[in-house]
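What follows is a set of notes on a single structure, which appears directly below.
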Amino acid sequence: MRSILVITALFLFSCQSQGNRPEATVAKVVDYQNLSVATFAGGCFWCVEASFEQIKGVASAVSGYTGGKKSTADYKLVSSGRTKHFEAVQVFYDPDVIDYNTLLDIFFTTHDPTQTNGQGNDIGPQYRSAIFYHDEEQKKLAEAKIKELTPTFNKPIDTQLIVFDAFYDAEEYHQDYEVKNPNNPYIMAVSRPKINKVAKKFKAILKEKEN
């Protein structure tokens, strides 16, 4: 009975159902000069954003929407699954500290790239797995990474490769959601295990924790 209750709780506390505005705010000042950018979609953007934020060389990870029109880049509309948007994360990073190939490794650790149209209980086209490449070099590296990782999965990788067009920042309450809401049931049950998985695998390149 307990296992059934846990599964039910995870289903109820999906990313889509937890869009309440928190009271806390997180101030972040980033100097974007000389930074490179990568764009990934791998399910709920809270999980992906927080996974990248802990990595040394990542100056900022921003939750947002890409793949659809500016006029429909709104959380409630995107959550309907009818806007063509992906929940995505824009990663601003220092290429002198971390390279794109390592970001790809982190990306494929944050989620299950073999799941189609969703991640876990977050089901819908807005939760698709995708890499939005900004240039031909990123495309080549992404293609090579998918080829490299394919034998390590029991099912085909369903990550789409899409040329980057536009990115629309998500509403402010979605930014740094895991930091602002550490006790949120979805964060504790779904996001935190993914973040910890990345932290364990990439322990050597984690940012030092502030006192």
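What follows draws every value from the coordinates through simple rules; no lab data is involved. Keep in mind that this is a model prediction, so the values were computed, not measured. As a convention, Cβ positions derive from the backbone with ideal geometry for all residues, glycine included, and neighbour counts pool all protein chains shown.
Details
- Segment 79-101 and segment 154-211: distance between their alpha carbon centers, rounded to Å: 10 Å
- Estimated D of the chain in µm² per second, where Rh is the Kirkwood radius over Cα pairs and Stokes-Einstein applies at 37 °C, 0.692 mPa s: 189 µm²/s
- Multiplying the residue separation of ASP105 and LEU161 by 0.36 nm and subtracting their alpha-carbon distance yields 18.6 nm.
- 13 Å beta-carbon shell around TYR133, net charge (K/R +1, D/E -1): -2
- Theoretical ellipticity at 222 nm over the chain - DSSP helices of four or more residues, -39500 (n - 2.57) apiece, nearest 500: -8500 deg cm²/dmol
- Spin-label model, LYS76 to LYS197: label points 7 Å out along the Cα-to-beta-carbon direction sit 3.3 nm apart.
- Extension gain for THR152 to ASN183 (0.36 nm times residue separation, less C-alpha to C-alpha distance): 7.8 nm.
- Unit charges at the beta carbon, dipole of the chain: most positive-side option, GLN126, ALA189, VAL62: ALA189
- Note on ASN34 and LYS207: the model spin-label points, each 7 Å out from Cα along the C-beta direction, lie 1.8 nm apart.
- Based on C-alpha pairs under 8 angstrom that are at least 6 apart in sequence, segment 2-203 has a relative contact order of 30 percent.
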